[in-house]
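So the structure is just underneath, and the comments pick up after that.
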Amino acid sequence: MQHFNLMVNFVKIDAVKWIQTMNLNSLYYPSSIFLHYTYFAYVLLLAFILVIVIPYKNQVLNLVYKTLIAISIFLTQSRIVWIAFGVILILSFILNRHGILTYRKLSVIVLILIIVVSLCLYFDVFAFISNYIGLRFSSLYRYGMADGSLGQRIGTLRNWGNYLDSDTIKAIIGSGFGGVNNYLSTYSFFNGYSTADSTVTSFLIDTGVIGLFIFLLSMFQILVIVVKGKGIFRELALYTIVASSIVSLTIDFWANYVILHIFYVVIICAFIGMRLTKQEK
């Protein structure tokens, strides 16, 4: 049976042995972005956002970099990052459609498209891409809640209703940081899972309904500030928040501090840049 991720043909290391080896090394943290393909895909997504906002001066280098990042995201097989990637492309197009498209630029774009489409048709690339993507999404319908990704995320969140009935106070005010671990021991959809695989679920358990409401209100206020801002750092903040919000549905940022810290670094730099831009004006 063919594995859904073609990278298994190239990566031969045993995952359990790799994790055990990392845990024995105090310097293992940076390599934890490769712990799960969605972690790695998220880092690639941030890299793509950065090059959209702050592109290389050399257009050829910029195009090559974007292409390599896009191909890498495609190969990760992360469905949620694919969706976030598409949303960012649409947002970028909407926010930057004021650009002047000269006859020369249009001619180059058309020529490149003709060459790319011709090569894709000759090598039957479109069929490969269609099957590649279709296989990933169709598994959700074929297996339903039995699918490891869908079942653990949706099923564990659904079980919060039982948690609310059995421990109403904690469900409302939260069980504190790390409380999701106790929750998973009883309410995990699949036995033995140590992560909810969703930042939303983890946040709901740790901070409760009240904490989640405050968080959503804060996010709304932040988005208002970002939308009112100007300059490239406003776009960086907007893209990062939108992409991270989408990805957070199926990835637990708190389960990997390196990913969480990368998010913090990018978003803090974006807001500092927005403030400096505002002061200059």
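Going by the structure shown, is F85 surrounded by fewer than 17 Cβ atoms within 10 Å (Cβ to Cβ), within 25 Å of K230 (Cα to Cα), at pLDDT 80 or above and not β-branched (V, I, T)? Here the answer is no, as F85 does not meet what is asked. Return yes or no: is A196 of a type in the set (G, A, S), outside any helix (DSSP H, G or I) and either modelled with pLDDT under 85 or surrounded by 11 or more Cβ atoms within 10 Å (Cβ to Cβ) (or both)? Spelling it out, A196 is indeed of a type in the set (G, A, S), outside any helix (DSSP H, G or I) and either modelled with pLDDT under 85 or surrounded by 11 or more Cβ atoms within 10 Å (Cβ to Cβ) (or both).
Among the residues of the stretch 220-228, is any crowded, with 20+ Cβ neighbours inside 10 Å and over 28 Å from N181 (Cα atoms)?
Yes, the stretch 220-228 contains a residue that is crowded, with 20+ Cβ neighbours inside 10 Å and over 28 Å from N181 (Cα atoms).
Yes or no: F215 in a helix (DSSP H, G or I), in contact with a Ser or Thr (Cβ under 9 Å, 6 or more places away or on another chain), surrounded by fewer than 19 Cβ atoms within 10 Å (Cβ to Cβ) and not aliphatic (A, V, I, L, M)? Yes, satisfied. Considering the conditions (1) at pLDDT 70 or above; (2) in contact with a Cys (Cβ under 8 Å, 6 or more places away or on another chain), I115 is excluded by exactly one of them, (2).
The values are calculated or read from the model by the stated rules, or taken from the named source; none is laboratory data. Since the model is a prediction, treat every value here as computed from it, not as a measurement. Note that each Cβ is placed from the backbone with ideal geometry, even for glycine, and that neighbours are counted across all protein chains shown.
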